[in-house]
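Notes follow once the structure below has been shown.
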Amino acid sequence: MIVWSRGLGKQRLPLALADATMQVKPGQIWMEGEIEPVCWNYAIKLGPSDLRDFLRLMAQPDTAAFLAERGGVLAPFLLKLIAVAPGLLVGIVVQKVAAAFRPKTKAGAKA
């Protein structure tokens with residue numbers, strides 16, 4: 001990924017997402033790392049609506065065409081998605097069922 005801002009002028013900096021550390025925090029996914037060669041720390045914080053919007057962009061036909069033009073990207077992505085989809089669906093169902101059977105507390109606080 002290339003990072004650019006007006007403060008950098010014409011300079012573009014590489015941001016290696018594969019090297020980022022990821023943490024799931026309440027309400028957000030955090031990715032943090034360092035931009036080389038300037039040694040700038042960065043943090044990307046994604047909420048549920050950000051992820052929904054990103055998935056919506058990824059599902060567009062133009063995105064699939066872009067990936068299909070670059071050999072070795074689309075097929076591995078789709079195969080990995082197919083491999084992890086059943087586990088993701090089971091995890092979502094388990095969480096929803098568990099939430100339905102959790103005792104309700106006052107003022108919407110979790111037990």
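Coordinate-derived values only; no laboratory data. Treat the numbers as computed from the prediction; the structure is a model and nothing was measured. Here the Cβ positions follow ideal geometry from the backbone for every residue, glycine too, while neighbour counts run over all protein chains shown.
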So which residue, out of ALA16, ALA68, ALA100, gets the largest mean-square fluctuation from a GNM of the chain using Cα contacts under 10 Å as springs?
ALA100
What number, rounded to the nearest 500 deg cm²/dmol, is the helix-based mean residue ellipticity at 222 nm of the chain, given -39500 (n - 2.57) per DSSP H run of at least four residues and division by all its residues?
-14500 deg cm²/dmol
Segment 51-67 - phi-based ³J(HN,Hα) in whole Hz, Karplus 6.51/-1.76/1.60, Gly and Pro as x
5, 4, 5, 5, 5, 4, 5, 5, 7, 6, x, 4, 5, 4, 5, 4, 5
Amide hydrogen neighbours beyond the local backbone of LEU15, cut-off 5 Å, H modeled
ILE2, VAL3
Mind pulling the angle between the C-alpha long axis of helix 74-101 and the longest principal axis of the chain? Nearest 10 degrees, somewhere in 0 to 90.
30 degrees
Scoring only Lys, Arg, Asp and Glu (+1, +1, -1, -1) among other residues with Cβ under 15 Å from the Cβ of LYS25 yields -1
With only Lys, Arg, Asp and Glu charged, each at its Cβ (+1 for the first two, -1 for the last two), find how big the charge dipole of segment 1-56 is about the Cα centre; round to the nearest 20 debye.
280 debye
For Rg/Rh (Cα atoms, Kirkwood Rh), which listed value, [x] 1.07; [y] 0.97; [z] 1.12, comes from the coordinates shown?
[x]
Rel. contact order, % - alpha carbon contacts under 8 angstrom, at least six apart, segment 1-56
23 percent
